[in-house]
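**Student:** I have a structure here, written as structure tokens, and I will follow up with some questions on it.
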Amino acid sequence: MNLNGKRVVVTGGGSGIGLAMALAFANEGAVVVITGRNQTKLAAAAAKRPNISSQVCDVADEAAVVALRDAMDADGGTDVLINNAGIMHSFDVTQGFPLEKQLQEIDIDVSGPVRLVHHFCRECSNASR
Ligand SMILES: NC(=O)c1ccc[n+]([C@@H]2O[C@H](COP(=O)([O-])OP(=O)(O)OC[C@H]3O[C@@H](n4cnc5c(N)ncnc54)[C@H](OP(=O)(O)O)[C@@H]3O)[C@@H](O)[C@H]2O)c1
């Protein structure tokens, strides 16, 4: 597939499946921006290809998501958005089941993609642009 010059955002692209997808897109010529919460991890991942760059963006932080969208718009827009960022806490239910950790998972894994799609979709977010 020729993705030459296509502009791709991969959330959680600093490791794991997200990084694998970022490298695959970069190998096909796309211009890839990876995001996550840890600048050091992102910089190390972005250094793997000249056409990968990074921006710190917590998908649970609406202002950070808008800033990412605006930075992409300023550079030519976004052709592909990969909502990959996520976490998974493991719990021993016999030892308690902290509500704040359950809600954090929902905010990142469920609300995160909704937040990203809302702000990156031009029709959804015209008012904030
Ligand atoms: N591997 C599996 O078997 C499996 C199974 C089912 C679903 N998944 C889902 O597939 C996705 C990738 O999994 P993976 O195994 O590659 O996990 P991973 O290696 O832990 O990668 C997840 C990435 O998401 C980033 N991230 C976490 N919270 C974030 C936030 N609030 N904002 C922005 N970035 C955030 C992490 O970076 P920072 O911590 O630096 O932010 C990390 O780079 C996840 O959504 C995971 O839940 C994986």
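Each value in this text was obtained by applying a stated rule to the coordinates, not by laboratory testing. Since the model is a prediction, treat every value here as computed from it, not as a measurement. In this analysis, Cβ positions are derived from the backbone assuming ideal geometry, glycine residues included, and neighbour counts consider all displayed protein chains.
**Student:** Taking the Cα centre of the stretch 12-67 as the origin and placing charges on Cβ (Lys, Arg +1; Asp, Glu -1), which of 56, 12, 44 is farthest toward the positive end of the dipole?
**Tutor:** Working it through, the farthest residue towards the positive pole turns out to be 44.
**Student:** Can I ask one more? Identify all lysines with a Cα-Cα distance to residue 6 below 27 Å; exclude those on the same chain that are fewer than 8 residues away in sequence.
**Tutor:** 41, 48
**Student:** Find out how many positive minus negative residues lie around residue 14, taking Lys and Arg as positive, Asp and Glu as negative, among other residues whose Cβ is under 10 Å from that of residue 14.
**Tutor:** +2
**Student:** Among 41, 101, which comes first, then next, by fewest other beta-carbon atoms within 10 Å?
**Tutor:** 101, 41
**Student:** Here is a further query. Let me spell out the model: positive unit charges on the Cβ of Lys and Arg, negative unit charges on the Cβ of Asp and Glu, origin at the Cα centre of the chain. What dipole size does that give, in debye rounded to 20?
**Tutor:** Here the size comes out at about 440 debye.
**Student:** Starting from the Cα coordinates of the stretch 1-81, work out the convex hull volume and express it per residue in Å³.
**Tutor:** Dividing the Cα hull volume of the stretch 1-81 by its residues yields 78 Å³.
**Student:** Give me, ordered by chain and number, the residues 5 or more places off residue 54 or on other chains with an amide H under 5 Å from its own placed amide H.
**Tutor:** HN-HN under 5 Å from residue 54: 34.
**Student:** May I have the convex hull volume per residue, in Å³, for the Cα set of the stretch 30-129?
**Tutor:** Convex hull of Cα atoms, per residue: 113 Å³.
**Student:** Right, something else. By the scheme Lys and Arg +1, Asp and Glu -1, what is the net charge of all other residues having a beta-carbon under 14 Å from that of residue 34?
**Tutor:** Overall, the nearby charge balance is +4.
**Student:** Per DSSP H run of at least 4 residues, take -39500 (n - 2.57); add these up for the chain, divide by its residues and hand me the 222 nm value, nearest 500 deg cm²/dmol.
**Tutor:** -12000 deg cm²/dmol, from helical runs alone.
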